[in-house]
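The values are calculated or read from the model by the stated rules, or taken from the named source; none is laboratory data. The structure presented is a predicted model; accordingly, all values stated were derived computationally and were not measured. Here Cβ is always computed from backbone atoms with ideal geometry, including for glycine, and neighbour counts include all displayed protein chains. For accessibility, only protein heavy atoms count, side chains too; no ligands or nucleic acids. Shrake-Rupley method; radii C 1.70, N 1.55, O 1.52, S 1.80 Å.
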Amino acid sequence: MIFTTKRLILRPWEESDAQSLFRYASDPDVGPIAGWPPHQSVEQSLDVIRHVFNGDECYAICKRDSHEAIGAIELKLNGHTDMTERDDECELGYWLAKPYWGRGYMPEAGRELIRHAFEDLDMKTIWCGYYDGNTKSLRVQEKLGFIYHHSCDEVPVPLLNEVRIGHTNYMTKESWEK
């Protein structure tokens, strides 16, 4: 599927996106705050496209004028998230390249994927989380209308071999419809 918003295109990842992914995912300010290490090579980015960004509802975030992948957004369905075991619930995950921070791109992409989750996939609840200190992610979730659910003091971050404080928010279809 491909989704179009005012300024963005959300489309499936392609192997040809590896160079762009590496350019942005190698930035040390991007991945670690979200729980993953900076990419070290184009080959690593290609591997991520093939084996991580291959979910049914994982999309490259692209500016409409360039089609270059500048981030990722995904609805992680049951079996691909630890936030729920229900088929009518999912987790929203995302990241955006640093040069595009603060421009409203992530809330714009998030609104479209939330609409898709509730209208097309008939989800009842969407979960979303962030690690303590990731105020940009918290702000995106607030703008989208997520509501605080709980925090956990000892969340494993296996890709970085760390333990962090994690915060979990949610949105129901009923609250979204209002």
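Open to solvent by 40 Å² or more (accessible area, probe 1.4 Å), farther than 21 Å from R111 by Cα and not small (G, A, S) - does that describe any residue in segment 4-16?
If we filter segment 4-16 for residues that are open to solvent by 40 Å² or more (accessible area, probe 1.4 Å), which is where we start, we get 4, 6-7, 12, 14-16.
Okay, now just the ones that are also farther than 21 Å from R111 by Cα, so 14-16.
With not small (G, A, S) added as a condition, the list becomes 14-15.
Yes, the conditions are met somewhere in segment 4-16.
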Reported set for segment 137-178 where residues are within 17 Å of R111 (Cβ to Cβ), within 16 Å of the chain's Cα centre (by Cα) and touching a residue at least 60 places away in the same chain (Cβ under 8 Å) is S137
Residues that are under 25 Å from P28 (Cβ atoms) and without any contact (Cβ under 8 Å) to a residue 24 or more places away in the chain, drawn from segment 75-96 = K76
Give the number of residues within segment 74-96 that are open to solvent by less than 30 Å² (accessible area, probe 1.4 Å), more than 20 Å from R139 (Cβ to Cβ) and not hydrophobic (A, V, I, L, M, F, W, C).
-> 3
Enumeration of residues in segment 134-178 that are open to solvent by less than 80 Å² (accessible area, probe 1.4 Å), polar (S, T, N, Q) and farther than 19 Å from Y94 by Cβ | S151, T172, S175
Filtered residues of segment 111-129 (kept if without any contact (Cβ under 8 Å) to a residue 40 or more places away in the chain and either outside any helix (DSSP H, G or I) or among the polar types (S, T, N, Q) (or both)) = D122
From the set of residues in segment 17-41 that are buried (at least 16 other Cβ atoms within 10 Å of the Cβ) and small (G, A, S), which is farthest from A69 (Cα to Cα)?
-> G35
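Scan segment 116-133 residue by residue and report those that are open to solvent by 20 Å² or more (accessible area, probe 1.4 Å), under 15 Å from the mean Cα position of the chain (by Cα) and either closer than 24 Å to R7 by Cα or not hydroxyl-bearing (S, T, Y) (or both). Step through it out loud before you land on a result.
Looking only at segment 116-133, we keep the residues that are open to solvent by 20 Å² or more (accessible area, probe 1.4 Å), and these are 119-122, 124, 127, 129-133.
Pick out the ones that are also under 15 Å from the mean Cα position of the chain (by Cα) and you get 127, 129-131.
Once the filter is applied, which keeps residues that are open to solvent by 20 Å² or more (accessible area, probe 1.4 Å), under 15 Å from the mean Cα position of the chain (by Cα) and either closer than 24 Å to R7 by Cα or not hydroxyl-bearing (S, T, Y) (or both), segment 116-133 yields W127, G129.
Please indicate, with yes or no, whether at least one residue in segment 70-90 is assigned to a helix (DSSP H, G or I) and over 13 Å from the mean Cα position of the chain (by Cα). Full working, then the answer.
Going through segment 70-90, the residues assigned to a helix (DSSP H, G or I) turn out to be none.
No, every residue in segment 70-90 fails to be assigned to a helix (DSSP H, G or I) and over 13 Å from the mean Cα position of the chain (by Cα).
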Is it the case that G71 is among the small types (G, A, S) and touching a residue at least 24 places away in the same chain (Cβ under 8 Å)?
-> yes
